[in-house]
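Structure, as structure tokens:
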Amino acid sequence: MPIERLADLANPATTPRIVFKVGSALLFGAGGVPDREWLASLVAEIAAAHARGQQVIIVSSGAIALGSARLGFAKGGRGSLADAQASAAVGQIALAGLWSDLLATHGIVAAQLLLTLEDLEDRRRYLNASATLGRLLQAGAVPVINENDSVATQEIRFGDNDRLAARVAQAASAQAVVLLSDVDGLYDRHPSEPGASLLEQVKGVTADVHAMASGTSGSGMGSGGMTSKLQAAEIATRAGITLAIANGTHASPLARALGEEIGTLFTPVRRDGARKAWLGGRLRMKGLLVVDDGCARALARGGSLLASGIVEVEGDFRRGDPVIVRDQAGGQLAQGLSEYDAAEIDRIRGARSNQQEELLGYAPRSAVIHRDQLVLL
């Protein structure tokens, strides 16, 4: 059964497995003190979903905010990378304990998973995370997931838990993700502007949809804004996963969002297979290939990427690394795993297959990126 409205997210028949993402600004009041009353109301709603047969995953921010308050660090623990990592190390214990204690009042066992970008970008580690999530859910536990900020750096991190939630939903084969925010959903312009209208449903995150978003976090406590939520929606909907943005600032926020149907629902634009969904959700590219118009049309028809259509190569990448594919106007077309090193592609770009053996010194492969290792964006 397809998910057609927000109320369907509370239905075990349409949504047997769901991910809820909770941000720092919702969890904590002034001074990094947890808002236990609000959190208890949310946990009661999660327990109700669990009781009616839904398997639930929580992606929770808040470790840095909680740890920095306990350590007395300025700027919410974000004054330096060292402060953030130390704050996370302290806060992760407290955050997991907070969720565990509240879920335990409803007889639910909580599990903690701390993930880095590489855990979901590397295929083997991604499958390991997927297997762990599946077994925990099968056993009746509620996994509580956060980025492992105690070891992540700017170069190897998600940077926000919106995109992490979408990637976790992929790994867990969930049907939906709910991002609890400080606004009701996506508006056609900034919510503070006169005449701003809430979009109830969006099919496909286009350039026009991105233009409606603000990239800043309203609270100053979190790391994401509406832009990161739209990026999460792109990751989710390409994999056949529905994503909702809803206001979490109210008591019992799920009753308001799903019961009263107040929020924005992003419906899937397609359903990629497991491997292509993983490829399409990858966030860190190692290089860039620019292709001509003829190649762009061939890719749109489902073809592989051939050297003859490549006009430019950027980056120092190796065979098997993920690369982005763009057209000459700068539009992103696809991403996939390269069959060649960057230097090899630079030698054979623009060349026909019968010319490539002389340029390479060995028989060429069938494609620079085979269609089985490429996903359209």
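The values are calculated or read from the model by the stated rules, or taken from the named source; none is laboratory data. Keep in mind that this is a model prediction, so the values were computed, not measured. With ideal geometry, Cβ positions are generated from the backbone for all residues, glycine too; neighbour counts draw on all protein chains shown.
Consider region 63-82. How many of its residues are assigned to a loop (DSSP other than H, G, I, E, B) and without any contact (Cβ under 8 Å) to a residue 12 or more places away in the chain?
4
Scan region 114-137 and give yes if some residue there is in a loop (DSSP other than H, G, I, E, B) and touching a residue at least 60 places away in the same chain (Cβ under 8 Å), otherwise no. The answer is no; no qualifying residue exists. Scanning region 41-57 finds one or more residues that are surrounded by 14 or more Cβ atoms within 10 Å (Cβ to Cβ), under 24 Å from the mean Cα position of the chain (by Cα) and either acidic (Asp, Glu) or on the phi > 0 side of the Ramachandran plot (or both). When PRO12 is tested against (1) without any contact (Cβ under 8 Å) to a residue 40 or more places away in the chain; (2) within 30 Å of PRO268 (Cα to Cα); (3) not hydroxyl-bearing (Ser, Thr, Tyr), exactly one condition is not met: (1). Looking across region 223-282, the residues that are of a type in the set (A, V, I, L, M), part of a loop (DSSP other than H, G, I, E, B) and either under 27 Å from LEU127 (Cα atoms) or not assigned by TED's automatic domain parsing to the domain that holds ILE64 (or both) come down to ILE241, VAL269. Mind checking which residues of region 255-278 are in contact with a Leu (Cβ under 7 Å, 6 or more places away or on another chain) and at negative phi? Across region 255-278, the qualifying residues are ALA257, LEU258, THR264, LEU265, PHE266. When you check SER68 against the structure, is it closer than 19 Å to ILE18 by Cα and in contact with a Gly (Cβ under 6 Å, 6 or more places away or on another chain), yes or no? So SER68 fails the test.
A search for C-beta distances below 6 Å between a residue of region 261-274 that is of a type in the set (Ser, Thr, Tyr) and any residue that is in a strand (DSSP E or B), counting only pairs 6+ apart in sequence or on different chains, returns THR264/ILE245; THR267/LYS203; THR267/THR242.
Across region 188-205, the number of residues qualifying as exposed (fewer than 12 other Cβ atoms within 10 Å of the Cβ) and either farther than 16 Å from ASN247 by Cα or touching a Pro at 6+ places or on another chain (Cβ under 7 Å) (or both) comes to 3.
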